[in-house]
Amino acid sequence: MMGAPGAGKGTAAEGVCKATGCRHVSTGDLLRQAIKLDTPLGRKADGYVRRGELVPDEVMIGLVTEQFEAAPGALFLLDGFPRTLVQAKLLDEALKARGSRVSRVFLLETPRDVLVQRLGGRRLCRKCGASYHVTNIPPRRPGICDKCGGELYQRPDDEEKTILNRLEIFERQNADLVAHYRGQGVLHALDSSTSREDTEAKILGAMGRTGAG
Ligand code: AMP
């Protein structure tokens, strides 16, 4: 699942995995968890994530292949990975070594002003990670998670100056990735500026519902 920060990758991935049984691997979530738990990986990644910069490729491929090792033979939906051409090539190699491949790539496209509005208003639950938006998807009680009562917070990298840095980095890397996957004939670009349901339906349609192949 590719797309700019705020394109709705995490939200759509959650729904698609629920419908298909794919395993959702969000590299952003894995890094945030590692940072919260102050693991060696978390300590390595912390500064990059805070500044909205990319964590080094070799760290990222290690993190993702660990997920493959944990569930051999499973179908994975990778959300937020790969983000560079080097990562895409390392992923191709890692999958080939396991007799597998990238079968579909969904590129979620959303105009820049919508991305900035979505990211700036995004709030997450500290306890369960559920995602809200101050105006688009407000919680029933301001600042409190509907699902678990946890406290909602703004990701430090969702503050305005970091948002612009993240969008710039995305735009710089995206063209190479698009060319890579277009060359493999697996790229599906879709408009994700409307609703979560609409985006999920488009992805499920392109997956043929089973999630296989
Ligand atoms: P996300 O939740 O996908 O927006 O990711 C949050 C942050 O985690 C990014 O701004 C990067 O600092 C880091 N990150 C997540 N995925 C990757 C990746 N594939 N390569 C490098 N850094 C990543």
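The values are calculated or read from the model by the stated rules, or taken from the named source; none is laboratory data. Computed from a prediction, not measured in an experiment: that's the story for all the values here. Using ideal geometry, Cβ is built from the backbone for each residue, glycine included, and neighbour counts are taken over all protein chains shown. When the accessible area is computed, the model is the full protein with side chains, heavy atoms only, and any ligands, DNA or RNA have been set aside. Shrake-Rupley method; radii C 1.70, N 1.55, O 1.52, S 1.80 Å.
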Query raised in the report: Which residues' amide hydrogens lie under 5 Å from the amide hydrogen of residue 188, considering only partners 5 or more residues apart or on another chain, with H built in the peptide plane?
Result: 105, 106, 107
Query raised in the report: At what distance in angstrom do the alpha carbon centres of the range 144-213 and the range 53-120 lie from each other?
Result: 11
Report task. Write down the Kirkwood hydrodynamic radius of the chain, to one decimal in angstroms, obtained as one divided by the mean of 1/r over all alpha carbon pairs. Result -> 17.8
Query raised in the report: What's the angle, to the nearest 10 degrees (0 to 90), between helix 160-183's Cα axis and the longest principal axis of the chain?
Result: 20
Query raised in the report: Taking all protein chains as present, what is the carbon and sulfur share of the accessible area of the chain, in % to the nearest whole number, probe 1.4 Å?
Result: 51
Query raised in the report: Which ³J(HN,Hα) values, rounded to whole Hz and listed in residue order, are derived for the range 191-207 from phi using the Karplus coefficients 6.51, -1.76 and 1.60 in 6.51 cos²θ - 1.76 cosθ + 1.60 with θ = phi - 60°, glycine and proline given as x?
Result: 7, 10, 8, 8, 9, 4, 4, 5, 5, 4, 4, 5, 5, 4, x, 5, 7
Query raised in the report: Using θ = phi - 60° and the Karplus curve 6.51 cos²θ - 1.76 cosθ + 1.60, what whole-Hz ³J(HN,Hα) does each residue of the range 81-92 get, with Gly and Pro shown as x?
Result: 8, x, 10, 9, 5, 4, 4, 4, 5, 5, 5, 3
Report task. Please work out the average accessible area per residue across the chain, using the 1.4 Å probe convention, and give it in Å². Result -> 53
Requested in this report: Compute the normalised compactness of the range 14-99: alpha-carbon radius of gyration over 2.2 N^0.38 Å, N being the residue count.
Outcome: 1.10
Query raised in the report: So in the chain, what percent of DSSP beta bridges are antiparallel if you round to the nearest 5?
Result: 40
Query raised in the report: Which residues' amide hydrogens lie under 5 Å from the amide hydrogen of residue 24, considering only partners 5 or more residues apart or on another chain, with H built in the peptide plane?
Result: 77
Query raised in the report: What does the highest-first list of 65-74, 166-175, 13-22 look like by mean Cβ count within 10 Å?
Result: 13-22, 166-175, 65-74
**Report entry** Whole-number percent relative contact order across the chain, with pairs defined as alpha carbons under 8 Å at least 6 apart
**Finding:** 30
**Report entry** Long-range HN-HN contacts of residue 123 with modeled amide H, under 5 Å
**Finding:** 132, 133, 134
Query raised in the report: For the range 88-151, what does the alpha-carbon gyration tensor say about shape, rounded, prolate or oblate, given a ≥ b ≥ c as the root eigenvalues, a/c under 1.5 as rounded, and a/b over b/c as prolate?
Result: oblate
Report summary line: For the range 132-213, whose charge dipole is built from +1 on Lys and Arg Cβ atoms and -1 on Asp and Glu Cβ atoms, the candidate among 194, 150, 207 with its Cα farthest towards the positive end is 207
Report summary line: Treating only Lys and Arg (+1) and Asp and Glu (-1) as charged, each at its beta carbon, one finds that the range 64-213 has a dipole about its Cα centre, in Debye to the nearest 20, of 280
Report task. Under a cut-off of 12 Å between alpha-carbon atoms, report the aspartates and glutamates in cross-link reach of residue 18, not counting same-chain residues fewer than 8 places apart. Result -> 200
Query - J(HN,Hα) series, the range 137-146, from Karplus relation 6.51 cos²θ - 1.76 cosθ + 1.60, nearest Hz, glycine and proline x - result: 9, x, x, 4, 10, x, x, 10, 6, 4
**Report entry** Virtual spin-label span in nm between residue 53 and residue 196, 7 Å along Cα→Cβ
**Finding:** 3.3
Query raised in the report: log10 I(q)/I(0), Debye, Cα-only the range 98-201, no solvent, q = 0.21 Å⁻¹?
Result: -1.14
